[in-house]
Amino acid sequence: MLTRRLLTPVVLIALMVGAQAQAPAPAGALPESMSNADFWKLSRELSEPDGYFRSDNLVSNEVYFQTIIPELIEATRPDRVYLGVGPEQNFTYIAALKPKMVFIVDVRRGNLHTHLMYKAIFELSKNRADFVSMLFSKKRPDGLTTKTPARDLFEAFVPVETSEAAYKTNLAAIRQHLTTTRELPLSDDDLKGIEYVYYHFYWYGPGLTYSSTTGGGGRGNFVNFQSLMVADDGFGVARSFLANEEHFLYLKHLHTKNLFVPVVGNFGGRKALRAVGTWLKERKATVSAFYLSNVEQYLTQDGLWPSFCGNVAQLPLDDTSMFIYSQGGGRGGGGGGGLLSWYRPILLDVKANKCE
């Protein structure tokens with residue numbers, strides 16, 4: 001098993017392990033953009049069949065996730081490839097690292113639906129205020145500008161009533177954008193999945209939490225979407241993807257160029273991660289960071305840790321590639337087994353550890 005060492009009392013980061021170091025990828029190896037057909041073909045061909053996870057995981061529960069960003073930026077290189085799992089916490093890491101391309105690999109097809117919803121809203125929104133308005137089906141308040149801080153942005157939306165009419169109009173626009181503008185051949189099940197995700201953002205608004213769709217009703221000590229967006233890195237710097245317009249526009253750019261690719265796959269599966277690695281190696285690309293949340297917990301309990309290590313060994317990595325790992329701590333409760341707001345990043349040392 002991998003050993004770990006502490007970087008600071010509460011803030012840790014993770015170096016990639018399990019693969020031989022290689023030279024940095026030459027500039028221009030990755031596409032500058034992809035056609036709609038190539039985007040969907042790539043997502044489909046890299047993916048595995050739909051898998052199971054115990055929750056919809058529509059929003060992160062990791063309130064401390066920004067704390068590693070200063071060290072993460074210093075340790076990694078931009079213009080590479082970012083890999084991740086889960087929902088919107090990836091956006092904040094992506095905005096900080098500025099990769100040239102993104103792959104989000106998640107065992108549930110529902111996560112692909114979540115990211116397709118986000119893709120449409122990013123592309124249909126000119127700025128952060130428009131994005132929040134559409135995401136939560138709330139009319140945009142007057143007075144918001146591209147300079148409005150995230151905290152003020154969300155506080156301005158708090159008194160705005162959620163609109164069912166706006167929800168229906170926006171849902172139709174999302175479907176139209178994905179199926180007509182982007183020409184994605186989405187199945188009826190995919191369209192229903194996107195509607196399922198978008199409905200919960202409409203219903204719970206910025207108070208949406210990890211537990212909202214699993215009987216928690218948005219209550220308990222799970223952090224909500226708004227709190228995640230107005231949090232900082234522990235040093236007073238707001239780094240969420242909605243903290244400023246630059247962060248938002250970087251995500252919009254990746255989506256507009258079809259360079260943000262959602263993939264369905266188990267980290268310990270036989271196809272997805274290996275296929276991503278092969279595709280990247282063919283283009284002489286290198287992974288800058290891989291956000292894994294607490295997937296180790298499930299890989300270990302399912303006996304898939306050795307398979308995962310084999311998959312990681314197929315990824316194009318070097319000594320600056322980083323794991324962003326999450327570890328539970330503090331109080332649990334709520335039937336979550338510690339999966340609350342207490343998850344913190346941890347460090348893996350590439351020279352001292354071996355994935356085996």
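Here are the numbers for the structure shown:
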| quantity | calculated |
| --- | --- |
| Residue within the range 98-106 that is surrounded by fewer than 24 Cβ atoms within 10 Å (Cβ to Cβ) and part of a loop (DSSP other than H, G, I, E, B) present | yes |
| Test for Gly193: is it on the phi > 0 side of the Ramachandran plot and surrounded by 17 or more Cβ atoms within 10 Å (Cβ to Cβ) | no |
| Count of residues meeting criterion [surrounded by fewer than 24 Cβ atoms within 10 Å (Cβ to Cβ) and part of a helix (DSSP H, G or I)] in the range 43-68 | 5 |
| Residue identified as touching a residue at least 24 places away in the same chain (Cβ under 8 Å), over 18 Å from the mean Cα position of the chain (by Cα) and within 20 Å of Ser60 (Cβ to Cβ) among Ala95, Ala150 | Ala150 |
| Count - residues of the range 181-201 that are more than 20 Å from the chain's Cα centre (by Cα) and part of a helix (DSSP H, G or I) | 5 |
| Selection within the range 269-301 - more than 16 Å from Tyr325 (Cβ to Cβ) and either of a type in the set (Val, Ile, Thr) or in a loop (DSSP other than H, G, I, E, B) (or both) | Gly269, Arg270, Lys271, Val276, Thr278, Arg283, Lys284, Ala285, Thr286 |
| Residues of the range 236-266 that turn out to be in a loop (DSSP other than H, G, I, E, B) and more than 15 Å from the chain's Cα centre (by Cα), as a count | 8 |
| Among residues of the range 120-148, those that are touching a strand residue (DSSP E or B) at 6+ places or on another chain (Cβ under 7 Å) and outside any loop (DSSP other than H, G, I, E, B), counted | 2 |
| Options Ser55, Ser47; residue that is modelled with pLDDT of 95 or more, of a type outside the set (Lys, Arg) and in contact with a helix residue (DSSP H, G or I) (Cβ under 7 Å, 6 or more places away or on another chain) | Ser47 |
| Test: residue in the range 211-222 that is within 18 Å of Ser326 (Cβ to Cβ) and either buried (at least 19 other Cβ atoms within 10 Å of the Cβ) or touching a strand residue (DSSP E or B) at 6+ places or on another chain (Cβ under 6 Å) (or both) | yes |
| Residues of the range 273-284 classified as of a type in the set (A, V, I, L, M) and surrounded by fewer than 23 Cβ atoms within 10 Å (Cβ to Cβ), total | 1 |
| Which numbered condition Thr114 fails, given (1) more than 15 Å from Thr320 (Cβ to Cβ); (2) without any contact (Cβ under 8 Å) to a residue 24 or more places away in the chain | (2) |
| Candidates Arg151, Arg77, Arg175 - the one that is charged (D, E, K, R), modelled with pLDDT under 95 and either out of contact with any Lys or Arg (no Cβ under 6 Å at 6 or more places or on another chain) or surrounded by 16 or more Cβ atoms within 10 Å (Cβ to Cβ) (or both) | Arg77 |
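The values are calculated or read from the model by the stated rules, or taken from the named source; none is laboratory data. The shown structure was predicted, so the numbers you read here are calculated from the model rather than taken from an experiment. Note that we place each Cβ from the backbone using ideal geometry, even for glycine, and neighbour counts take in every protein chain shown.
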